[in-house]
Amino acid sequence: MAVRAAGVFLAAGMTAAAAQPAPVGTLTCTSMPSKERAAAEAVLSCSFEGASGTKFQYSGALLRQGDATAPPGKRVYVWSVQGEREISSGGDLAGRYVGRTGGESAGILSRGRDASIVLKPPVNTSQLGDNSAISVLELNLKAVRA
């Protein structure tokens, strides 16, 4: 009987651990092309605004797919930030995010093996024009101290 109860507890714990991330805010990054970097790389200045009104600043770098022919100039990248909990400090969002390519997963970036934080481009990109976030393969963020 004790073994059976432990199995039920373990299954319930696994279900709770596999909870889907929920929207916690928006990450907006701006880049200016650099002659010192390859056309598919960019240095970023980013801001995060949480659903509760919290705001944090980040610096970063990204690697894009197929952006070598993109027009020069300032680019804006926008993602919906989804996580298992609210972003409560600047360090919560810092880290390396890797993108998915192809199909419905195109443009989605996730951090770490557990994908505890996921960055998704907005579904309705017509409101934003050319949302360059869809072409990002890798994003590295560092918190900027105030």
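Taking the range 85-118 as the search range and keeping residues that are small (Gly, Ala, Ser) and more than 12 Å from the chain's Cα centre (by Cα), which one is nearest to Phe48 (Cα to Cα)?
It comes out as Gly90.
What are the residues in the range 21-54 that are modelled with pLDDT of 90 or more and hydroxyl-bearing (Ser, Thr, Tyr), if any?
Result: Thr26, Thr28, Thr30, Ser45, Ser47, Ser52, Thr54.
Yes/no per residue for (1) assigned to a loop (DSSP other than H, G, I, E, B); (2) modelled with pLDDT of 75 or more; (3) surrounded by fewer than 17 Cβ atoms within 10 Å (Cβ to Cβ):
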residue	(1), (2), (3)
Gly73	yes, no, yes
Val81	no, yes, no
Val98	no, yes, yes
Gly107	yes, yes, no
Leu119	no, yes, no
Asp130	yes, no, yes
Ala146	yes, no, yes
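Which residue pairs have Cβ atoms closer than 8 Å, lie 6 or more positions apart in sequence or on different chains, and pair a first residue in the range 24-51 that is closer than 16 Å to Asn140 by Cβ with a second residue that is at pLDDT 85 or above and not in a strand (DSSP E or B)?
These pairs meet every condition: Leu27/Leu93; Phe48/Thr54; Phe48/Ile87; Phe48/Leu93.
The values are calculated or read from the model by the stated rules, or taken from the named source; none is laboratory data. What you are looking at is a predicted structure, and each value in this text was computed from that prediction instead of being measured. Reconstructed Cβ throughout: ideal geometry from the backbone, glycine too, with neighbour counts over all protein chains shown.
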